Amino acid sequence: MTARVLVVGCGGLGGIVAAHLFEQRDALGLEVTASTTNDEIARAVRARGFVLRGAAPRAVRGDITTSLPEETPPFDWVILAVQPPQVEEAARGIARWLAPSGAMVCLQNGLCEDRIATVVGPSRVVGAVVSWGGAMPEPGVYDRTAEGGFTLGVMSGADDPRLTALATLLEPIGPVSLTRNLAGARWSKLAINCAISTLGTLWGGTLGSAMVHRSVRRLALEIMTETVEVARREGVKLEKVSGTIDLDWIALTAAERRAVGSPSLVAKHSLLLAVGARYRRMRSSMLAALERGRTPAVDFLNGEVSARGRRFEVPTPVNDAAARLVHEVAAGRAQPGEALIRRLVDETSA
């Protein structure tokens, strides 16, 4: 039976996902449509296809639209690849074309499944935690900036048979694992993104170039520690994502926060150096959004941690300050760079 798939958003991640689905549509029995609100992307893809660069450069042809006709048949899968600030609006605009038994798939960083559930219902939402990176250096041109795959789950934690079908669609892009603890996987990725993406935005360069600096690594450890503490208060059991950081281990202890140096701190800094090396070519998607004049996703990352921390009376001073500085960059009151990182260090040092 043919499955109908709509990819909403054709930026760095969405364009790569769409290209792979178009390549596999005959083998997997798919009808695929890509949707974007960006006219430049639509024109470029119509003219040249989705241009994939890297080890196997190629152009992939596929149907892209900026608006769906009312008579469009319903879709079994709606893959939401827009940035978090746009995800609820995108879901509301597409909901009428989602099949009754279909599902929306959240690729966003943060905790967006709860938000989409208010639009289409919890049973029609699937979480896809992404552990690879992509960029769009120019409209319709895509680079894979980091390898990795997906972790799939549903909000109920059930063994949902739809996950196996979705895994088959996504495996050509990267390895897929299934989880019954979507909340744990999401919070682990949230902790990583609050550190890596936000500090990469404030740094203004690649993640690898930021992580070689000890002050950046220390800020990352503090941000992740605050996020882990809030997750624990929410009753979340953290789960490693695609073999990445064990957040329960990397969270700083009270003794480590006071220590000038210790073997455990050296080990944690070394792990962050390895993470920086793995993602050395990746630039923060939030930084790319700011450069395009888009609303930064920081309220869905550090801002989410801060809001939930206030609910449980868990202090989150580094997440608070990092989010505020990203908003200053967005408003043109600050410029990304080493001086801004130093300012964050100064403002949050005990």
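When region 264-277 is limited to residues that are at pLDDT 90 or above and surrounded by fewer than 13 Cβ atoms within 10 Å (Cβ to Cβ), the one that is nearest to the chain's Cα centre (by Cα) turns out to be Ser270. Against the test of being without any contact (Cβ under 8 Å) to a residue 40 or more places away in the chain, of a type in the set (Gly, Ala, Ser) and either more than 23 Å from Thr168 (Cα to Cα) or part of a loop (DSSP other than H, G, I, E, B) (or both), the options Ala90, Ala95 yield a single qualifying residue, Ala95. Taken together, the criteria exclude Ala128 from residues that are in contact with a strand residue (DSSP E or B) (Cβ under 9 Å, 6 or more places away or on another chain), surrounded by fewer than 18 Cβ atoms within 10 Å (Cβ to Cβ) and touching a residue at least 24 places away in the same chain (Cβ under 8 Å).
Residue count for region 18-57 satisfying the condition of being in contact with an Asp or Glu (Cβ under 8 Å, 6 or more places away or on another chain) and surrounded by fewer than 17 Cβ atoms within 10 Å (Cβ to Cβ): 2.
Scanning region 218-263 for residues that are surrounded by 15 or more Cβ atoms within 10 Å (Cβ to Cβ), of a type in the set (Gly, Ala, Ser) and either in contact with a Phe, Trp or Tyr (Cβ under 9 Å, 6 or more places away or on another chain) or more than 16 Å from Ile192 (Cβ to Cβ) (or both) gives Ala231, Ser242. Select from region 21-47 the residues that are touching a residue at least 60 places away in the same chain (Cβ under 8 Å) and either outside the structural domain of Ser131 (by TED's automatic domain parsing) or in contact with a strand residue (DSSP E or B) (Cβ under 8 Å, 6 or more places away or on another chain) (or both) and list them in ascending order. Matches in region 21-47: Leu21, Glu23, Gln24, Leu28, Leu30, Ile41, Ala44, Val45. Which one is modelled with the lowest pLDDT, of the residues in region 243-263 that are assigned to a helix (DSSP H, G or I) and under 12 Å from Leu221 (Cα atoms)? Only one residue fits best here, namely Arg257.
Within region 146-169, the set of residues being surrounded by fewer than 21 Cβ atoms within 10 Å (Cβ to Cβ), touching a residue at least 40 places away in the same chain (Cβ under 8 Å) and not aliphatic (A, V, I, L, M) comprises Gly148, Arg162, Thr168. Scoring Asn302 on the criteria (1) surrounded by fewer than 23 Cβ atoms within 10 Å (Cβ to Cβ); (2) within 19 Å of Thr348 (Cα to Cα) leaves a single failure, condition (1). Taking region 137-235 as the region of interest, the helices (runs of 4 or more DSSP H) fully inside it that hold 2 or more residues being not assigned by TED's automatic domain parsing to the domain that holds Asp76 are 182-203, 207-211, 214-233. When the criteria are applied in full, Ser215 meets the requirement of being touching a residue at least 24 places away in the same chain (Cβ under 8 Å), of a type in the set (Gly, Ala, Ser) and surrounded by fewer than 16 Cβ atoms within 10 Å (Cβ to Cβ).
Can you name the residue in region 255-286 that is hydrophobic (A, V, I, L, M, F, W, C) and in contact with a Leu (Cβ under 9 Å, 6 or more places away or on another chain) and is also nearest to Pro85 (Cα to Cα) among such residues? So the residue we want is Met286.
Return yes when Ala274 is assigned to a helix (DSSP H, G or I) and in contact with a strand residue (DSSP E or B) (Cβ under 9 Å, 6 or more places away or on another chain) and no when it is not. Against the criterion (assigned to a helix (DSSP H, G or I) and in contact with a strand residue (DSSP E or B) (Cβ under 9 Å, 6 or more places away or on another chain)), Ala274 does not qualify.
In the set (1) over 30 Å from Glu40 (Cα atoms); (2) in contact (Cβ under 8 Å) with a residue 24 or more places away in the chain, the condition left unmet by Ser285 is number (1).
The values are calculated or read from the model by the stated rules, or taken from the named source; none is laboratory data. As the structure is a prediction and not an experimental result, all values here were calculated from the model. Please note: Cβ atoms are built from the backbone with ideal geometry, for glycine as well, and neighbour counts cover all protein chains shown.
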